[in-house]
Amino acid sequence: MIIGAEYYLDLLQEGRFRLSEEGPTFQNTVFGWIVSGRTSNTSVSVPVAATTLCSTAELQEQLARFWELESCQLGSTYSIEESKCEEIFKQTTTRVEEGRFVVCLPRKRHIIEQLGESRRSAERRFISLERRFATNPQLKKLYCEFMEEYSSMGHMKEVSEAELSGSVCYYLPHPAVLKPDSTTTKLRVVFDVSCKTTSGASLNDGLMVGPVVQDDLVSIHARFRLRRIGIVADVAKMYQMVKMCSRDQKLHLILWRKSSEQPIQTYQLTIVTYGTASAPFLATRCLVQLAGDGDSTHPVAANVLRKDFYVDDMITGVDNPEEGKKLVTEMVSLTDSAGFSLRKWNSKCEEVLTELQPHLRDNREVFEKNPPPPTDTVKTLGLVWCPPTDDFSFTVPKWSTTTEVTKRTVVSDASRLFDPLGLIGPVIVEAKIFIQTLWKLKVSWDDLLPENLQAFWLEYRRNLNALESISIQ
């Protein structure tokens, strides 16, 4: 925002100094301290650079989701960018002989064409990853297995420098996240699509995001409660089942070698990659397209595919076993036709799942119905469905052990409360009223709350443990 010079003096507050005769001037203002002027160009023996960043973007996103969960909003029309994504999808998406979808990235051409050099940064980070391998053999073993699976399934292929000549290229760093508690994937490889090139732009900067094409979680959960027999499943490795057009594969290059004694090789990913800005749209839009393609041949499954999927999770239900069997048969046939394999099937009614192969079924007794957490380490207050009893219940996260409560602590805690159906509304509303109290008091983010307010929040958090004793039929 450009502020007129006539307001400048009104912004200044008491407090002004210089670090040295040649140094810049620090001036206190209503916005905090500002600095202006020149710095000395005298060289020092050890060059030092320091950058400090404080971001509350993730916290604001969590808080917004917490507040908006119970709001009833009509779907808005697409923005210009979202409409463009939809247009590109319709014009460029095809299906190969075996039925899998092939998509193209919705590019912002003026940014993609200006991408700078990215290989050096990717190589430095790969060398750093290899140093982790040297101290963690288990990590290396899992990582090599992941890469071998990627290669054997055709998700990546080696490419020569000659093949890349003359093309706009982008190299993805790929750090690893260990998930020892996962029942399916112990290691998750994260492709860093936001890594900046020498031009200052990343691949994600050059991609359009695309609209949300699935129903909201509240609507899906509400419909789930209306049917006598609940059925759940999820798509195995959904993103990896969608192919990427050959032109866009050059924007998904990675460096890899199994041993540090070998030369580093360049590979290009051939599938939609988790982490790219457009990946959620492309993958879920393929499911919606598959529903349209199957309307005449698989009408029951097509309707569920269109309305009762949240990303890759199917959360649906039927009124009798016969209807359930028909849904399962149609759904397996329809999704398999596009390479989407549904697994982790479960239901209150065993009869519904009798035709499924044992390896496709999930025998767990509880299913958490959470939105994806902001990070892999943060657990939310989870809505849980128990198929054997057909009840809803709640799991309570392990809260921080700190007894020093700030506004930031309260907002972070409250945003982890998840109650899409309003089953524990009287409990959740207390947190909302408390947050409003803090805003009225104009409490800053990191100052300790008054003792009475700290005591209230600590007691509220302790009492949440009682939610685990609640069961809703």
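What pairs come out if I take residues in segment 96-107 that are on the phi > 0 side of the Ramachandran plot and pair them with residues that are among the polar types (S, T, N, Q) whose C-beta lies under 9 Å away, six or more apart or interchain?
If the second residue must be among the polar types (S, T, N, Q), the pairs left are Gly99/Ser337.
Given segment 388-473, what helices (runs of 4 or more DSSP H) lie entirely inside it while holding 3 or more residues that are out of contact with any strand residue (DSSP E or B) (no Cβ under 6 Å at 6 or more places or on another chain), at pLDDT below 90 and under 30 Å from Phe224 (Cα atoms)?
Because the criterion is at least 3 residues that are out of contact with any strand residue (DSSP E or B) (no Cβ under 6 Å at 6 or more places or on another chain), at pLDDT below 90 and under 30 Å from Phe224 (Cα atoms), the helices (runs of 4 or more DSSP H) in segment 388-473 that meet it are 407-414.
Out of (1) at pLDDT 90 or above; (2) not in a loop (DSSP other than H, G, I, E, B), what's the single condition that is false for Thr297?
(2)
In segment 229-254, which residues are of a type outside the set (A, V, I, L, M, F, W, C) and more than 11 Å from Arg100 (Cα to Cα)?
Result: Gly230, Asp234, Lys237, Tyr239, Ser246, Arg247, Asp248, Gln249, Lys250, His252.
Quick check, is Val102 modelled with pLDDT of 90 or more, aliphatic (A, V, I, L, M) and over 24 Å from the mean Cα position of the chain (by Cα)?
Judged against the criteria, Val102 is not a match.
Out of everything in segment 304-345 that is crowded, with 17+ Cβ neighbours inside 10 Å and of a type in the set (Val, Ile, Thr), what residue ends up being farthest from Val232 (Cα to Cα)?
By that ranking, first place goes to Thr335.
Considering only helices (runs of 4 or more DSSP H) fully contained in segment 97-195, which possess at least 1 residues that are of a type in the set (Lys, Arg), open to solvent by 20 Å² or more (accessible area, probe 1.4 Å) and in contact with a Leu (Cβ under 7 Å, 6 or more places away or on another chain)?
So the answer is 119-135.
Looking only at segment 241-263, which residues are in contact with an Asp or Glu (Cβ under 7 Å, 6 or more places away or on another chain) and either open to solvent by 10 Å² or more (accessible area, probe 1.4 Å) or within 17 Å of Gln214 (Cβ to Cβ) (or both)?
Hit for segment 241-263 is Ser260, nothing else.
Just to verify a result, which residue in segment 115-165, among those that are among the β-branched types (Val, Ile, Thr) and free of Cβ contacts under 8 Å to residues at least 40 places away in the same chain, is farthest from Leu203 (Cα to Cα)?
Thr135
The values are calculated or read from the model by the stated rules, or taken from the named source; none is laboratory data. It should be emphasised that the depicted structure is a prediction, and the values quoted were computed from it without experimental measurement. Methodologically, a virtual Cβ is constructed for each residue, glycine included, from the backbone with ideal geometry; neighbour enumeration extends over all protein chains shown. For accessibility, only protein heavy atoms count, side chains too; no ligands or nucleic acids. Shrake-Rupley method; radii C 1.70, N 1.55, O 1.52, S 1.80 Å.
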